[in-house]
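Visitor: If you scroll down you'll find the structure; I have some questions about it.
The values are calculated or read from the model by the stated rules, or taken from the named source; none is laboratory data. Being a predicted model, the structure only gives us computed values, none of them experimental. Backbone-built Cβ (ideal geometry, glycine too); neighbour counts: all protein chains shown.
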């Protein structure tokens, strides 16, 4: 089982990874690649801080794999149908977010009366 980023190891490196993930998260909302769509949906479901740490963790694992295997990063190439499907997923929020929004609007209606 893979766990999150622990507090062991180089504190400065961990801080830099989190700062980089936070910057990438801000830019991810405007991008259409699979990683950006994944982290944007995660941010909607779990919040910005959890998504930031998850992205930093994912980036650390990618970096580790690249250094271990002496390889270069190659982003996945998608065909047009996959791009359209991912764009459709990105445009609609997850069901939990939709239901929470509806619940909040119902709650506000009851509160006014």
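Visitor: Exactly one condition in (1) farther than 22 Å from residue 84 by Cβ; (2) loosely packed, with under 15 Cβ neighbours inside 10 Å; (3) in contact with a helix residue (DSSP H, G or I) (Cβ under 7 Å, 6 or more places away or on another chain) is false for residue 11; which is it?
Guide: The failed condition is (3).
Visitor: Can you tell me which residue within the range 20-35, out of those that are at pLDDT 90 or above and either within 14 Å of residue 58 (Cα to Cα) or touching a strand residue (DSSP E or B) at 6+ places or on another chain (Cβ under 6 Å) (or both), is surrounded by the most Cβ atoms within 10 Å (Cβ to Cβ)?
Guide: So, considering only residues that are at pLDDT 90 or above and either within 14 Å of residue 58 (Cα to Cα) or touching a strand residue (DSSP E or B) at 6+ places or on another chain (Cβ under 6 Å) (or both), the one surrounded by the most Cβ atoms within 10 Å (Cβ to Cβ) is 21.
Visitor: Looking only at the range 73-96, filter to residues that are touching a helix residue (DSSP H, G or I) at 6+ places or on another chain (Cβ under 7 Å) and loosely packed, with under 13 Cβ neighbours inside 10 Å; which one of those is modelled with the highest pLDDT?
Guide: Of everything passing the filter in the range 73-96, 73 is modelled with the highest pLDDT.
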